[in-house]
Each structure stands twice: as C-alpha cells, then as structure tokens.
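The block underneath contains the structure these notes are about, expressed in structure tokens.
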Amino acid sequence: MARLILYRLLISVALVFAISLATFLLQAAAPGDIARTILGDHFSPEAYQRLHHELGLDDPILLQYWHWLTQAIQGDLGTSPISGLPVAGEIANRLPVTASLVICATIATAVGGVALGVLSAVRGGRVGRAVDVLSLIGYALPSFWLALTMVTLFSVTVELLPATGYVPLATSPAGWARSLVLPVTTLALPGIALFAKQTRDAMLEALSRDFVTALRANGIPERSIVFRHALRNASIPVVTLVGLTLVSLLSGTVFVEAVFAMPGLGGLAVQATSQHDIRMIQGVVVVFTLVVVTVNLVVDLAYGWLNPKVRAR
Amino acid sequence: MSRKLAAAPLGYLIVLVLACVLAPVLAPYSPNATDLDNVLSGPTVQHPLGTDGLGRDVLTRLMYGGQVSLVNAAIVVLTVLLAGVTSGIAAGFLDGWLDKAFNWVVDMMLAIPVIVTLLVVLAVFGGNQTVAMISLGILISPGLARVTRGTTFAVRQELYIAAARVSGLPNRHIVVRHVLPRVAGPVIVQLSVLAGGALLIDAGLSYLGFGAQPPDPTWGTMIAEASAVIDRQPWLLIPPGVVLGLAILAFGMLGDYVRDVTAERTERVPARPPRRPRRRISTAAPTTALLSIQDVSIALAGTTVAENLCLEIDTGQTVGLVGESGCGKTITGRAILDLLPAGGTVTRGSMVFNGTDLTTTDLRAVRGSEIAMISQDPVAALDPVFTVAQQVGELVRRHHGGSRREVRARVLDLLRDVDLDEKVAARYPHQLSGGMAQRVGIAMALAGEPRLLIADEPTTALDVTVQAEVLRLLRRLQADRGMAILLITHDWAIVAEMCQRAYVMYAGHIVESAPVRDLVDRPLHPYTAGLLGARPTRDRRGRRLAAIPGVVPRPSAWPSGCHFAERCALATPECADPVPVFEPEPAHQTRCVNHVLLSEGGGHERTSAECA
C-alpha cells in the first residue's frame, strides 16, 4: 500500500512538471510570442526589444521555465499579458464555481450511478433495459447539446430554472442550488450511465461468486447479501472509476460553463484560448492537473481501504 | 448483439460518410446560400430539415459540415492507431526499467485533463485543426498502447514463441504473424469507441469557436448557431444533435459488436432475485426421517438434470452421495436449500424436512438454522472483504442476536470448536490456508446450530493431511451435536470412513443405495462396481487401475433406458427400456436389470417402481 502511494506521488509530481514544461516548450515553438501579443499589430522594433527583455524572453527557454517554476511553487503563476491580471488570483476567483460544479456532479454521478446499477443488477428486466438505454444516451449525446436542450425545456419553455449564470453559495444557498441544477445534470448524465453499467457488471459478478451461495445457504438475508456483501465487493472496481470520471467532468466543465455562461475555470480556459493568453491557460492546466492527481491519490487510498488484499501489501 | 443489429450502425455510418463526401453532388443547395424569405422555416418541402437564421438549408449544411468532422475524426483515429499500437508493441518487447518507464508514462498520461490541454495547443497554434487533432490523438493513445503492450507481452511469453526466439525468429515475424492478429480485435473496439469520442470533442471545440470559421458549417457551429435562436426556433438543435449523437452511438455499437465477436465468451450469470415462497402443492408422504426426498426431479433452464431422486437421512446420521463429476450431486445438494442457479427448479416430488415440505415453504427460516452448507472451494466460499470475525459474527447475530460482546464471545467459541486460534478472527480470507478456510466455513455453518449439514466435497480442494483433520473435526462435531450430514463426494475412502449409508448417483439417477459396508462389499450396480474398481487401493497394487470407459453423458443426451448402458459391460437389449428399482437385499436398492449377475447370493427380490 505504502509503495503504491509512493508510486502515485512520484508519478503525480512528475506529471505536473511535465505538463507545465510541455506548455512552456510549446510556447517557444509557437509562431509569435507574448511580447508581440501585448504590443498588438503596430509597434516599433525598439519597443519590442525592450518588452522582450523585460519579460525575460531573451533568456534560454529552460531558464525561463525555471523562473516560472520557482514562482509557481510559491503560488505565483505569473501575470496574464492580455488582461494584466495575476493568473493565480484569476484562478482563485473562479475556482468556487468550477468546484461547485464538479463536486456536485461527482456526487450525483456516484450516487445516481451506483443506485441505478444495483437496482438493475438485482431487479434486471425493465430497470436493466432502462439503464441500458440511459447509458446509450449518456454515452452518445454531446454534453453541450444536452445542456442546450435542457435550457430549451426548463428555462425557455417552462421557466422553471435559470438558463444561465451562477449564484455564489454565500450570496444565496437556494439560488446557488437552483443555478447548479441544469449544469450539474448535464455534466453528470454521461457519468451516471457509465457508473450504472459498471456497477451492474460488478454486482452481477459479485453475486455469482461462491461466497454468495455459501452466505445464502447459511441464512444471511438477501438484503445483507446485496447491500453488505455484493456491493462492498463491487465497490472495489467501481471506485477506480471516480478518478476517470473526474478527468472527464473537468473536461466537461469547459463546455458546460460555456453553455450556461458560468464564470468558472472552464470558461476562463476558453476565453484565454481565444485570446491566445497562454500564461493564463497554462495556469488553468496546471491547476486541473493538480486536482486530478490529488483525486487519483484519494481514489488509490480508498481502493486500498476497500480491498484487504491491497492493504496488506 | 446479433449480426443483423450490427448492420444498422454500419449502414448508418456508410450513408453518413457517402452523404458528406458526395455533398457537392447530392446537396440541394449551396452551403452558404441564404434564402431570406425562408428564415428559421422549420421542416418544409423545399427545406426538409428547415433553414437557419440566415435562411440557409440545414440539410445541406449538415452534409458539408460532416466533411470537416469526419476528416478530423479520421486524423484522431489514425494518430491513435500509429502512436498507440507502435508504442504498445515496442513496449511489449522491452524489459526491465524501460518497460517500467513505459508504464509510468501511461499512468501519467491517463491523468492529463485532455480538453484543457487541447486548448493550450489551440491557443499556441492559433486554432490549427490538424495540429489539435493530432495532439488529441496522442493524448488519448495510452489506453490503446497499454492494451497492445499487454497482448504483445503475453504472446512473447508463450512457450512456442520463446522457443522460436531462442532459435533466432526475428521480432518482425513475431509481430506480423502472432501479435497483430491477436491485437486486431481489441484495437478495433477501442478505435471505434475513440472515433465516436473524437467526433464529440471535435463538435465541442467547433461549438466553442475553435473549429472551422464562419460561414463554413460544422456540426458544432450549427449547434452554436441554433443556441442563439433557441427561443425562436428550438427545432434547429435537433438535426445536428441527432446526426452527431447517432454517429457516436453507431461507433459505440460497432465497437460492442466487435468485442462480442472477438472476446472470449464469458458466461454472465444473472443475479437471482430473492425467491418468493413457491406455489407448489406438496406431494409429501408422512415420514420419520429427518430429511426425506421423494421422487424429486430437477431442471436447469428447461433441461432435466436429475430425476426420480429418493433419499433419506435420519437424525444424526451421515449419508454419502457418491458419483463422478457431472452426475448431479451438487445440484441435488443445492436443490434442498433452494439454491439452484438461475433457471433451476424442482419440477417434481417432495423434500420433507422435519415434517415440512421444503419445496413448498419459504426457506429463509430453514437456511442456516435447520440446514446449513459448506462448500467445495473453502477460500472462495468466504467473502474476501470481511474478516473471519465479521463473517462468523454476522451469522451469529442473524441466528442468535445479542450484544456486541455476546456475539464476539460466541464467535470465539465457534472458532475454538473448529480448532482455530483466536488470532484467526482478525484475518481476511486471503490470509487463510485452505484447511483454515474450511474450518471457518464449518464454524459459519455451525453458527445457527443446524440439524443437517450439507457438505459438498468439503475436502477435495485440501491437502491429504488436512483432509484427514477436517474429516475428524466433522465427525467430532457430529457426535457432539447430533447433527446429520449429507456428504457429497467422489472419494470412496471418505464414504467408507464417514458414512453409514451411501447413495450412488449417475447421470441424474440414483442408481444404487445401501449401507456403506454392503455397498462396498457387494455392489449391485455395474456403475458402483466400476467406481469401486476405479478406486486405487493398496491390495490391488501392481494391477492396472480399472477405469470406466467413456464419459458421463450430458443431460440433453440421456438415453431413454438405463443412463449407464452405453458404458456398461453387462448391457443387454433390455437396458434400452426404462429401468425400475429393485431391492434384492433389505435396504439395498439398485436400478439395474442385470444386478443378479453381480450378486452371488441373489436373495429375495422386490420391485418398487418409484425409489432406489
């Protein structure tokens, strides 16, 4: 277990370095540079030279990376040349929006998916087929299209929920919840389908094992067999899905925040991309990667906690 | 998925590709031709899928827009194929730290947030589609690389390949002849799914405005344009969404189909819903035995797997059920507790336990507290995620209840009863030896103080010395508790040591039953005689081990007469007719027409058409 965690930690640190370095190298390889972006279309060569020097662009690229890295470790991700705002501050401002979205969507995914999966494993028949259909829909429909359709249904046709925008939790908890219903549903739907399918398969696998027969034979009631024994065993493969789901949820926020005009990190990334604000998007990538590796670590710990064979190692 | 069903997604994709490729020929309008008289028209005769905010024909724009999407998806798929398969094969030939490094890289790449990273590429390269799609392909290739590496590695490990490598078979040959054919299936499955994912991401990026620039159509920009007029003409969302969704669905279904065709078939046993009390009318006759099985037939998924079973167990008695694998012994044991696999039912007869017919009652009150069971594979019979104390404790709580402390004390008592140390309580099943696991299994079975224990091959999976200990334990527990045992086994030594009476089962029939001594000394069925001959014993040392020629017929291939006739040296034409049960000696029954040939003395004879 300790070795597994150590391995994960090493990989995680290496990944964060690799991602940030790769974005830096990409910048160097790209046509145009930050100085030119800042100066716009008309500028004098002297002004360009001066700015180029001020920004440290004269230095070799690896030295530039080193400067960025030493500051990044202290929480300073640089300044956006486009908006002039500090990258870390911008990210901190927008983080609560994306965090609300992703955390709620993860919970909805796990709870909804596992419940549906257990139900369809135990009941089969009509529920099973419904889960199949749902998982096909969740798999095939683009999240942004689904989002727009839901806006049409719930905000335009019947004015039930706000179509766009975000209300901070501190301002109004009810408004916060209402503003999250549609985006979280859109985000969670594909994941719910995936979880339901995997949970069902894992439950069916667990329920077909020898120990289930032995427990039934010795008088353990069906409720305990399903919820205590089979579900606990099935949770071992299912919990590894949480990490993968989170990666796709983070990707999903890019689209969903755009549709619902939510001022989160996904929206920031899109805006930075269209403005060629590489500093800013680099910061977003690093933060997203940090979130993913942290969650992967937690998932590994949970996996070990659930699976005695791993824990013992 | 059937072949017919797989034709639908394939057909859809072919039509889609043709429609997009042939758009310049087929499309009714030019993609950017505006018709300002028919803005946001909805479906009409001139515009079957309607027009957008500028009066442009939606069908035409869908066809032209698909060109971009399909080309982009193709770039992604090709990149994944090249990057994933080549790196996977290369890694499969690596050893040592290079192989480890490959795994590190794959683990790292699986944690990259793909879309945001893709946005970096788009920001740097100013929205260059091709670069973005190639990057996407590389970012999502590690999954395929891992699959390919696994297969390559497995092929390399196979003995004949290893041997061929020693004698100088070039790696190129191994890859082309052995690895590629084997990875083709999984690769196609993954690529098919990834193609759908690529379409999705491509549409998403162009929805965000990072794809082809207006006025040129893409599916993503069409959705974006539709969203701008969502309150005036929501219909516009439907065509691009449905076309795109169906394409992704089609790729996914094709992938599923290829997986079904290529993957090794693993039978998926559906979970059995909890049974409601069975609505049969009891046919039971009064009996003094603890368990009396009368004329029971069992069917699995409509096929009869055991018929006319008659078996009696008295209180405190040990009864053996003997036969080769596949004769129906385990099914019979399971049927008693209504634990047949899905689709299994008792179709006839009665099983009276202690005055109630088990085939007509709810067994929840019986399992564990009246009849319990221990299984063949002791480790697999324990739940791997709970400790011994938790598992035994749950049964103690179920059958006796009590406070936490009382339960704990009882658990330790039970463990002591089966000669296990207190320390075992805290262990998980994977930390137990087979013998210890079986003792835990016995402790769990004893938790409800049952009057009958069904022991299904309880020692088959154990070492010989451990076998003896477990059998001794069972005998002692039986003597202490006055518990009856139905011992299912194929081992005559165990029958002789443990049982008072034994039933010999062959192909779903009980062919002979008698007190064990009589059965071993004077078998009256050729199958029993054959089984006893097939048993290695010391006094026959030097002689060839006798074996019964042939195999047990499958239930669907049972003959109408004696099930054993095909393998029987004594078979006569009469054996083709249904065989009644004879009782040539008191309490000794046989289902053989020619049993006289086996008995020296003969004795009085009685025919009973029902039970052996």
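The numbered conditions (1) outside any helix (DSSP H, G or I); (2) at pLDDT below 80 are all true for A:Tyr166 except (2). If you check B:Val396, B:Val407 for being surrounded by fewer than 21 Cβ atoms within 10 Å (Cβ to Cβ), of a type in the set (Val, Ile, Thr) and part of a helix (DSSP H, G or I), only one passes: B:Val407. B:Ile188 passes every criterion in (1) under 30 Å from A:Val284 (Cα atoms); (2) under 33 Å from the mean Cα position of the chain (by Cα); (3) of a type outside the set (Ser, Thr, Tyr) apart from (1). Whenever a residue of segment B:220-234 is at the interface with chain A (Cβ under 10 Å from one of its Cβ atoms), its partners that are in a helix (DSSP H, G or I) and small (Gly, Ala, Ser), lying with C-beta atoms within less than 6 angstrom and at least six residues away or across chains, give the pairs B:Gly220/B:Ala203; B:Gly220/B:Ser206. Report, by residue number, each residue of segment B:354-377 that is within 14 Å of chain A (Cβ to nearest Cβ) and farther than 22 Å from B:Arg397 by Cβ. Answer for segment B:354-377, where residues must be within 14 Å of chain A (Cβ to nearest Cβ) and farther than 22 Å from B:Arg397 by Cβ: B:Leu358, B:Gln376, B:Asp377.
Residues are listed down the side, and each one gets a yes or a no for (1) within 33 Å of the chain's Cα centre (by Cα); (2) over 22 Å from A:Ala28 (Cβ atoms); (3) not β-branched (Val, Ile, Thr):
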| site | (1), (2), (3) |
| --- | --- |
| B:Val114 | no, yes, no |
| B:Leu119 | no, no, yes |
| B:Val124 | no, no, no |
| B:Ala145 | yes, yes, yes |
| B:Leu159 | yes, yes, yes |
| B:Ala162 | yes, yes, yes |
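If I go through segment B:445-466 residue by residue, how many of them are farther than 30 Å from B:Gly402 by Cα, away from chain A (no Cβ under 11 Å) and not aliphatic (A, V, I, L, M)? Final tally of qualifying residues: 6.
Conditions (1) within 14 Å of chain A (Cβ to nearest Cβ); (2) farther than 24 Å from B:Met222 by Cα, marked per residue:
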{"position": "B:Val39", "(1), (2)": "no, no"}
{"position": "B:Thr44", "(1), (2)": "no, no"}
{"position": "B:Gly50", "(1), (2)": "no, no"}
{"position": "B:Leu70", "(1), (2)": "no, no"}
{"position": "B:Leu81", "(1), (2)": "no, yes"}
{"position": "B:Gly92", "(1), (2)": "no, yes"}
{"position": "B:Asn103", "(1), (2)": "yes, yes"}
{"position": "B:Val121", "(1), (2)": "yes, no"}
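The residue of segment A:209-267 that is surrounded by the most Cβ atoms within 10 Å (Cβ to Cβ), among those that are closer than 27 Å to B:Ile140 by Cβ and without any contact (Cβ under 8 Å) to a residue 60 or more places away in the chain, is A:Val254. For segment B:496-507, enumerate the residues that are surrounded by 24 or more Cβ atoms within 10 Å (Cβ to Cβ) and either of a type in the set (Asp, Glu) or touching an Asp or Glu at 6+ places or on another chain (Cβ under 8 Å) (or both). Of everything in segment B:496-507, those that are surrounded by 24 or more Cβ atoms within 10 Å (Cβ to Cβ) and either of a type in the set (Asp, Glu) or touching an Asp or Glu at 6+ places or on another chain (Cβ under 8 Å) (or both) turn out to be B:Tyr503, B:Val504, B:Tyr506.
From the list B:Arg149, B:Arg182, the one residue that fits, being farther than 30 Å from A:Val287 by Cα, surrounded by 17 or more Cβ atoms within 10 Å (Cβ to Cβ) and either in contact with a strand residue (DSSP E or B) (Cβ under 8 Å, 6 or more places away or on another chain) or of a type in the set (Lys, Arg) (or both), is B:Arg149. In the set B:Gly196, B:Gly204, only one residue is over 30 Å from B:Lys4 (Cα atoms), small (Gly, Ala, Ser) and within 12 Å of another protein chain (Cβ to nearest Cβ); that residue is B:Gly204.
Residues of segment B:469-507 being modelled with pLDDT of 90 or more, of a type outside the set (A, V, I, L, M, F, W, C) and within 29 Å of B:Thr347 (Cβ to Cβ), which ones? Of everything in segment B:469-507, those that are modelled with pLDDT of 90 or more, of a type outside the set (A, V, I, L, M, F, W, C) and within 29 Å of B:Thr347 (Cβ to Cβ) turn out to be B:Thr489, B:Arg501, B:Tyr503, B:Tyr506.
The set of residues in segment B:429-443 being under 17 Å from B:Arg475 (Cα atoms) and under 26 Å from the mean Cα position of the chain (by Cα) consists of B:Gln438, B:Val440, B:Gly441. Residue count for segment A:282-311 under the criterion of being facing chain B (nearest Cβ under 10 Å), more than 18 Å from the chain's Cα centre (by Cα) and either within 17 Å of A:Arg8 (Cα to Cα) or in contact (Cβ under 8 Å) with a residue 60 or more places away in the chain (or both): the result is 3. Residues that are under 28 Å from B:Leu82 (Cα atoms), touching a residue at least 60 places away in the same chain (Cβ under 8 Å) and either in a helix (DSSP H, G or I) or charged (D, E, K, R) (or both) within segment B:198-219 comprise B:Ala198, B:Leu199, B:Ile201, B:Asp202, B:Ala203, B:Gly204, B:Leu205, B:Ser206, B:Trp219, listed in sequence order. If you go through segment B:1-39 and keep only what is touching a residue at least 24 places away in the same chain (Cβ under 8 Å), over 49 Å from the mean Cα position of the chain (by Cα) and surrounded by fewer than 16 Cβ atoms within 10 Å (Cβ to Cβ), you end up with B:Leu26, B:Pro28, B:Ser30, B:Asn32, B:Ala33. A single entry from A:Gly125, A:Gly113, A:Gly117, A:Gly138 fulfils the requirement of being free of Cβ contacts under 8 Å to residues at least 60 places away in the same chain, crowded, with 19+ Cβ neighbours inside 10 Å and closer than 30 Å to A:Arg232 by Cα: A:Gly138.
Selection over segment B:105-135 of residues that are among the aliphatic types (A, V, I, L, M) and outside any helix (DSSP H, G or I) gives a count of 3. If the condition is being among the small types (Gly, Ala, Ser), more than 19 Å from B:Ile248 (Cα to Cα), buried (at least 19 other Cβ atoms within 10 Å of the Cβ) and modelled with pLDDT of 85 or more, then segment B:51-92 contributes B:Ala83, B:Gly84, B:Ser87, B:Gly88, B:Ala91. Between A:Arg223, A:Arg228, A:Arg232, the distinction of being charged (D, E, K, R), farther than 21 Å from B:Ala111 by Cα and within 7 Å of chain B (Cβ to nearest Cβ) belongs to A:Arg232 only. What do you reckon, is A:Ala72 in contact with a His (Cβ under 9 Å, 6 or more places away or on another chain), away from every other protein chain (no Cβ under 14 Å) and surrounded by 14 or more Cβ atoms within 10 Å (Cβ to Cβ)? So A:Ala72 fails the test.
The set of residues in segment B:567-580 being free of Cβ contacts under 8 Å to residues at least 24 places away in the same chain and either surrounded by fewer than 17 Cβ atoms within 10 Å (Cβ to Cβ) or under 30 Å from the mean Cα position of the chain (by Cα) (or both) consists of B:Thr572, B:Pro573, B:Glu574, B:Ala576, B:Asp577, B:Pro578. Right, B:Leu191: of a type in the set (A, V, I, L, M, F, W, C), surrounded by fewer than 24 Cβ atoms within 10 Å (Cβ to Cβ), more than 12 Å from chain A (Cβ to nearest Cβ) and more than 23 Å from B:Ile138 (Cα to Cα) or not? Answer is no for this residue.
The values are calculated or read from the model by the stated rules, or taken from the named source; none is laboratory data. As the structure is a prediction and not an experimental result, all values here were calculated from the model. Cβ sites come from the backbone with ideal geometry, for glycine too, and all protein chains shown count toward neighbours.
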